[in-house]
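Q: Here it is: the structure, laid out below.
Every number in this text was worked out from the coordinates using simple rules, so none of it is lab data. This is a predicted model, so every value here is computed, not measured. A quick note on method: Cβ atoms are made from the backbone with ideal geometry, for glycine too, and the neighbour counts reach across all protein chains shown.
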Amino acid sequence: MKSPLSCKHLYGLIGYPLAHSFSRMYFNNKFEAEGIDAQYINFEIETLELLPQLIASYPNLQGLNVTAPYKEAVIPYLDSMDDDARQIGAVNVIKCIRNPRTGDVIELRGHNSDVVGFGQTVDSLPVAPGSRAMVLGTGGAAAAVKAALISRGIDVQLVSRRKSEHTLVYEEITRAMVANHKLIVNATPVGKYPDVDQCPPFPCRFLTPQHVCYDLIYNPEETLFLKQAASQGAMTKNGLEMLLLQAFDSYQIWTE
């Protein structure tokens, strides 16, 4: 593969760690197939303090995707955000707006394509407006999921390991609660590669064939959470389609 500095447009992903990510393969296959003079690389940075240096090092960098654990922490480094990102308080796409004459970055603009990606996949599931969902997690991904569901008339109950005013802890979940929430979404990173033997402490024994269980993780294809849900007869879905939809939206943002 040629040097990142030798292509016309450079894109990438920031996060830590990044061994689980398929984005690089997706975008580079797209660029090759469509004859686009661009490259996508992973920037595995241990701290966001390295972000300004990273951007300065690549004058052809046009945009970045953002993944855990930086979707919320990256906001102070940005100059502006779109309405979805501002409302949710999380960013997974950054557009580097450059001076056309000098090439200098004049604005870093944050966007959130998780809302669009997740929302479009939910529309194909048997989840009706007026139903209820449990969302596992309270980070940036969970906030995007919550926003997408609420906009579709689906009530959301957040679940976390830590108690708060609007959040249940796993130990509080009863059979009756699970029965009243037919959609369960894992928006935590628990279970993603390489920690495939891990699972959120959700009581999967309460699930039934009337439930839909969605895991935002796409690597592995079937997480331990989805395996346990399937064993109870629940319908399951992983995050691959969401990844592809939000990747498409990312590229639209970078090139519009």
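Q: So, in the chain, how many Lys pairs have Cα atoms under 26 Å apart, if the pair is 8 or more places apart or on different chains?
A: For the chain, the number of qualifying lysine pairs is 27.
Q: About the Cα centre, and with charges only on the beta carbon of Lys, Arg (+1) and Asp, Glu (-1), how big is the dipole of the chain? Nearest 20 debye, please. Walk me through the numbers on the way to the answer.
A: Working: 22 positive and 27 negative charges, 81 e Å.
Result for the chain is approximately 380 debye, rounded to the nearest 20.
Q: Per-residue HN-Hα couplings for the range 81-96, Karplus 6.51 cos²θ - 1.76 cosθ + 1.60 at θ = phi - 60°, whole Hz, x for Gly and Pro?
A: In residue order, the calculated couplings are 9, 7, 4, 4, 4, 5, 5, 7, x, 8, 10, 10, 9, 10, 9, 8 Hz.
Q: OK, next. Under the definition of Cα pairs under 8 Å and six or more residues apart, what whole-number percent is the relative contact order of the range 64-117?
A: 39
Q: Name the residues whose placed amide hydrogens come within less than 5 Å of the amide hydrogen of SER80, ignoring near sequence neighbours (fewer than 5 apart) on the same chain.
A: The answer is LEU108, GLY110.
Q: Can you give me the long-range amide H partners of VAL93? Hydrogens built in the peptide plane at 1.01 Å from N, cutoff under 5 Å, separation of 5 or more residues or another chain.
A: The answer is VAL66, HIS111, SER113.
Q: Out of the DSSP beta bridges found with both residues in the range 4-112, what percent are antiparallel (nearest 5)? Please report the intermediate quantities before stating the final value.
A: Working: 9 of 23 bridges.
Counting only bridges with both partners in the range 4-112, antiparallel ones make up about 40 percent.
Q: If you restrict to DSSP beta bridges whose two residues both lie in the range 116-242, what percentage is antiparallel, to the nearest 5? Don't skip to the answer; put the middle values down first.
A: On the way: 1 of 20 bridges.
Around 5 percent of the beta bridges assigned by DSSP in the range 116-242 are antiparallel ones.
Q: Could you calculate the contour length gain from GLN210 to LEU244, that is, 0.36 nm times the residue separation minus the distance between their Cα atoms, to one decimal place in nm?
A: Working: separation 34, 0.36 × 34 = 12.24 nm, distance 2.70 nm.
Going from the current span to full extension adds 9.5 nm.
Q: Any chance you could give the angle, 0 to 90 degrees and rounded to 10, that helix 240-255 forms with the longest Cα principal axis of the chain?
A: So the helix axis and the longest Cα principal axis differ by about 30 degrees.
Q: Moving to a separate point now. Quote the relative contact order of the range 4-112 in percent (integer), defining contacts as alpha-carbon pairs under 8 Å separated by 6+ residues.
A: Details: 189 pairs, mean separation 28.9, N = 109.
Here the relative contact order equals 26 percent.
Q: Restricting things to alpha carbons, tell me how big the range 102-218 is in terms of Rg and Dmax, in Å.
A: Expressed in Å, the Cα Rg and Dmax of the range 102-218 come to 15.9, 62.
Q: Report the Rg/Rh value for the range 183-256, based on alpha-carbon coordinates and the Kirkwood definition of Rh.
A: A ratio of 1.07.
Q: With a cut-off of 8 Å between alpha carbons and a minimum separation of six or more residues, what is the relative contact order of the chain in percent? Let's see the in-between values first.
A: On the way: 487 pairs, mean separation 37.4, N = 256.
That works out to 15 percent.
Q: If amide hydrogens are placed 1.01 Å from N in the peptide plane, which non-local residues have theirs closer than 5 Å to the one on THR236?
A: Result for THR236 returns CYS213.
Q: Viscosity 1.002 mPa s, temperature 20 °C: give me the Stokes-Einstein translational D for the chain in µm²/s, with Rh taken as the Kirkwood radius over C-alpha pairs.
A: Working: Rh = 19.1 Å.
Once the numbers are plugged in, D ends up at 112 µm²/s.
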